Amino acid sequence: MKREPISYQTISVVPLTPTIGAEVFGIDLSQPLSDVQFEEVHRAWMEHQVIFFRDQKLTIEQHIAFGRRFGELHVHPMASLPGYPEVIEIKADENTGYVQGERWHSDVTCAEKPPAGSILYMHKIPENGGGDTLFSSMYLAYETLSEPIKKLIENFTAIHDGEDAYRVRQNIQRESYPRAEHPVVRTHPVTGRKALFVNRSYTLRIPQLSERESRAVLDMLIEHAELDVMKCRFKWQNGSIAMWDNRCAMHQAIPDYFPLARYAQRVTLAGDKPF
Ligand code: SIN
C-alpha cells in the first residue's frame, strides 16, 4: 500500500528503507517534549516502526521520563537495574557469557500483555565497531504472505514461552517462566494494520495443529519474517537511541563483537493483550 509522505514541523525524519526504520533529527530527548514534539515523534514511530536518534545524553531518570511520555512502563519479569525496576541493562562482555537478544524476537512475547515498545540507549559501543541491530517489519511479513497462507493462519493462536530465553540462554533459574497464548496475526491497536506475531525466541507451538504441523508452519512463518527484504540495519554510536514498536517489528542484536564490551540500557513501554 502506497502512503503519502508525512510532513513534520519540529523534527526531520529520514527513512532508512522504504519499509522500516527512520532517523529522527532536531530533538533533544533529555528535555521534556512539547505536545507538538511528542505528537510528531509518535507519528514518525507509528509510520516507521522503529526510529533512531543520535547524539543524545540521558540520565537514567531522563530516559525513564522520555518513556513515560508514551504511557505506563513495563517491568521486566526477569531482570531490572537495582533501584530502577523499569530499566534493564543490555550488557555483554567477557563476564556475561552471552549476548542478549541475538535471536530474532520482539520483546517478552511470553507475557500476557507483551510490551508495546522499547527504548534502547547505547552508552558503550564495542571497540571493533560491531554490535549493530537488525529490525524486521512484521507488517510486511504479513502482507507478503500468499492469500491461501493468510487464510490458513487467520484464526490460529500460538503459545509463547520464556523458559528457553531465560533459563536456557540467560541462566536465570526460577520455578516457573512466563507463558502466554496470542493470535498468530495481530491487529495493531493504533494503526489498525495487521502484523505477523511469531518469533524464534519465544514462540513454541500452534495449539490448533499437531506438533509436526505446528513446527512446519512456524518455521515457514519465522523464516519468511526474517527475509532480508523485511529488514533495516542500525549502526550504533555512543549516545544513539532506538525506539521500536514490538507490536509490528522484531529485532536481532548481532553478536559480532563478543566478548568485547557493549553496554546499553532499555526502558520498555507497557502493552495490551494482543488481538
Ligand atoms: C534487545 O533485545 O533489547 C537488545 C537489542 C540490542 O542489544 O541491540
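The values are calculated or read from the model by the stated rules, or taken from the named source; none is laboratory data. Nothing here was measured: the structure is a model prediction, and the numbers come from that model. A quick note on method: Cβ atoms are made from the backbone with ideal geometry, for glycine too, and the neighbour counts reach across all protein chains shown.
Give the range 230-245 a look and list any residue that's more than 13 Å from the ligand (Cβ to nearest atom) and among the basic types (Lys, Arg), or say none.
231
So for the range 161-175 (the condition being part of a loop (DSSP other than H, G, I, E, B) and within 11 Å of the ligand (Cβ to nearest atom)), does at least one residue qualify?
No, the range 161-175 contains no residue that is part of a loop (DSSP other than H, G, I, E, B) and within 11 Å of the ligand (Cβ to nearest atom).
Condition first: away from the ligand (no atom under 14 Å from the Cβ) and outside any loop (DSSP other than H, G, I, E, B). Now tell me which residues in the range 119-141 satisfy that.
Of everything in the range 119-141, those that are away from the ligand (no atom under 14 Å from the Cβ) and outside any loop (DSSP other than H, G, I, E, B) turn out to be 137, 138, 139, 140, 141.
Quick test for you: out of 117, 83, pick the one residue that is under 16 Å from residue 242 (Cα atoms) and either surrounded by 15 or more Cβ atoms within 10 Å (Cβ to Cβ) or at pLDDT below 95 (or both).
One residue alone meets the criteria, 117.
Return a yes/no flag: does the range 148-160 have any residue that is assigned to a strand (DSSP E or B), within 16 Å of the ligand (Cβ to nearest atom) and not basic (Lys, Arg).
Taking every residue of the range 148-160 in turn, at least one turns out to be assigned to a strand (DSSP E or B), within 16 Å of the ligand (Cβ to nearest atom) and not basic (Lys, Arg).
For the range 246-265, which residues satisfy the criterion of being within 11 Å of the ligand (Cβ to nearest atom), assigned to a strand (DSSP E or B) and closer than 23 Å to residue 17 by Cβ?
250, 251, 252, 253, 264 - these are the residues of the range 246-265 that are within 11 Å of the ligand (Cβ to nearest atom), assigned to a strand (DSSP E or B) and closer than 23 Å to residue 17 by Cβ.
Given the range 1-118, what strands (runs of 3 or more DSSP E) lie entirely inside it while holding 2 or more residues that are within 14 Å of the ligand (Cβ to nearest atom) and over 16 Å from the mean Cα position of the chain (by Cα)?
87-92
State all residues of the range 170-205 that are on the phi < 0 side of the Ramachandran plot and free of Cβ contacts under 8 Å to residues at least 12 places away in the same chain; if no residue qualifies, say none.
173, 175, 176
For the range 88-114, how many residues are surrounded by fewer than 22 Cβ atoms within 10 Å (Cβ to Cβ) and either closer than 17 Å to residue 67 by Cα or among the charged types (D, E, K, R) (or both)?
Qualifying residue count for the region: 9.
Please count how many residues of the range 176-196 are modelled with pLDDT of 95 or more, part of a loop (DSSP other than H, G, I, E, B) and surrounded by fewer than 18 Cβ atoms within 10 Å (Cβ to Cβ).
Count: 5.
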